[in-house]
Amino acid sequence: AQSVSQHNHHVILSEAASLELGCNYSYGGTVNLFWYVQYPGQHLQLLLKYFSGDPLVKGIKGFEAEFIKSKFSFNLRKPSVQWSDTAEYFCAVNAADGGTALIFGKGTTLSVSS
Amino acid sequence: ETGVTQSPTHLIKTRGQQVTLRCSSQSGHNTVSWYQQALGQGPQFIFQYYREEENGRGNFPPRFSGLQFPNYSSELNVNALELDDSALYLCASSSAGGPGETQYFGPGTRLLVL
């Protein structure tokens, strides 16, 4: 069965600090990978996704993620965070040859202080 | 373009009751997925509907059932409510392009079972 593990439950950073949120998945086949974000009071929205091609994926608001197949990882990065990046971040996976159901990690809460 | 909408926003029920939650998919989308998000957890896949047929189901008992209508809107029904059913219920819509398609989430319905 597929599973997703997010290493950090709560990350606290100052503005301009660099961010890296860890995500590892467990699945033997080809996967699609997603990062979703939930800003306070808003609904889940897609930050970026990987389904093929260049393993370095760029998303909205300056976020990027790198798919490392050998490590089953899809870590999210941002070189310089802003106060407005305060949110909950979810990594998700589905099987490339299966249904579209997403398997989510437990999420990481990011708090950015100004 | 209208986004995904859900109703009601909040609901309080007592154990043993039945509840119906509603979702209107984003314009042009024919696939609806339902997720349960317990406090402090990531969303868990309940089931998915494509063209009015169930098209995949997660590890949820049969008392969780659903419908999709010709206009692609959807309902989630939960019978014999239990305390553990208290959660945020999310609906997501997508087009039927396959597992790499982005799912667009609604704001959710927060259900409290007393």
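The values are calculated or read from the model by the stated rules, or taken from the named source; none is laboratory data. Here the structure is a predicted model, which is why all the values come from computation and not from measurement. Here the Cβ is made from the backbone with ideal geometry for all residues, glycine too, and neighbour counts use every protein chain on show. These accessible areas exclude ligands, DNA and RNA; they are computed on the full protein's heavy atoms, side chains included. Shrake-Rupley method; radii C 1.70, N 1.55, O 1.52, S 1.80 Å.
Among the listed residues B:16, B:3, which satisfies the condition of being within 20 Å of residue A:49 (Cα to Cα), of a type outside the set (Lys, Arg), touching a residue at least 40 places away in the same chain (Cβ under 8 Å) and open to solvent by 30 Å² or more (accessible area, probe 1.4 Å)?
Details: B:16 fails: within 20 Å of residue A:49 (Cα to Cα).
So the residue among B:16, B:3 that is within 20 Å of residue A:49 (Cα to Cα), of a type outside the set (Lys, Arg), touching a residue at least 40 places away in the same chain (Cβ under 8 Å) and open to solvent by 30 Å² or more (accessible area, probe 1.4 Å) is B:3.
Would you be able to tell me the number of residues in segment A:7-57 that are β-branched (Val, Ile, Thr), at pLDDT 95 or above and either open to solvent by less than 60 Å² (accessible area, probe 1.4 Å) or outside any strand (DSSP E or B) (or both)? Write out each step before concluding.
Initial filter on segment A:7-57 (β-branched (Val, Ile, Thr)): A:11-12, A:30-31, A:37, A:57.
Pick out the ones that are also at pLDDT 95 or above and you get A:11-12, A:37, A:57.
Cutting the leftovers down to either open to solvent by less than 60 Å² (accessible area, probe 1.4 Å) or outside any strand (DSSP E or B) (or both) gives us A:11, A:37, A:57.
Residues meeting the conditions: 3.
Among what's in segment B:5-30 and is in a loop (DSSP other than H, G, I, E, B) and modelled with pLDDT of 95 or more, pick the residue that is nearest to the other protein chains (Cβ to nearest Cβ). Break it down into steps so the answer makes sense when it comes.
Of the residues in segment B:5-30, the ones in a loop (DSSP other than H, G, I, E, B) are B:8-9, B:14-18, B:25-30.
Going one step further and asking which of them are modelled with pLDDT of 95 or more, we end up with B:8-9, B:14-18.
Working: B:8: 15, B:9: 11, B:14: 27, B:15: 26, B:16: 29, B:17: 26, B:18: 25 Å.
In this case the residue turns out to be B:9.
Quick check on my filter: what residues within segment B:33-53 are closer than 24 Å to residue A:89 by Cβ and touching a residue at least 24 places away in the same chain (Cβ under 8 Å)?
Restricting attention to segment B:33-53, the residues satisfying the condition of being closer than 24 Å to residue A:89 by Cβ are B:33-46, B:48.
Answer for segment B:33-53, where residues must be closer than 24 Å to residue A:89 by Cβ and touching a residue at least 24 places away in the same chain (Cβ under 8 Å): B:33, B:34, B:35, B:36, B:37, B:38, B:39, B:43, B:46.
Looking only at residues that are in a loop (DSSP other than H, G, I, E, B) and at pLDDT 90 or above in segment B:31-57, which one is most open to solvent (accessible area, probe 1.4 Å)? Write out each step before concluding.
Residues of segment B:31-57 that are in a loop (DSSP other than H, G, I, E, B), as a first pass: B:38-43, B:51-52.
Filter again for at pLDDT 90 or above, leaving B:38-39, B:41-43, B:52.
Numbers: B:38: 38, B:39: 157, B:41: 72, B:42: 7, B:43: 5, B:52: 91 Å².
Only one residue fits best here, namely B:39.
Please go through segment B:75-86 and give me each residue that is of a type in the set (S, T, N, Q) and open to solvent by less than 30 Å² (accessible area, probe 1.4 Å), ordered by number. Talk me through it step by step, then tell me what you get.
Initial filter on segment B:75-86 (of a type in the set (S, T, N, Q)): B:77, B:79, B:86.
Within segment B:75-86, just B:77 meets the criteria.
I'd like the full set of residues that are more than 7 Å from chain A (Cβ to nearest Cβ) and surrounded by fewer than 19 Cβ atoms within 10 Å (Cβ to Cβ), limited to segment B:99-112.
Here is the first cut: in segment B:99-112, the residues more than 7 Å from chain A (Cβ to nearest Cβ) are B:104, B:109-112.
The answer is B:110, B:112.
Quick check on my filter: what residues within segment B:59-74 are surrounded by fewer than 20 Cβ atoms within 10 Å (Cβ to Cβ) and under 20 Å from residue A:43 (Cβ atoms)?
Restricting attention to segment B:59-74, the residues satisfying the condition of being surrounded by fewer than 20 Cβ atoms within 10 Å (Cβ to Cβ) are B:59-65, B:67, B:69-71, B:73.
Listed by number, the list holds a single entry, B:73.
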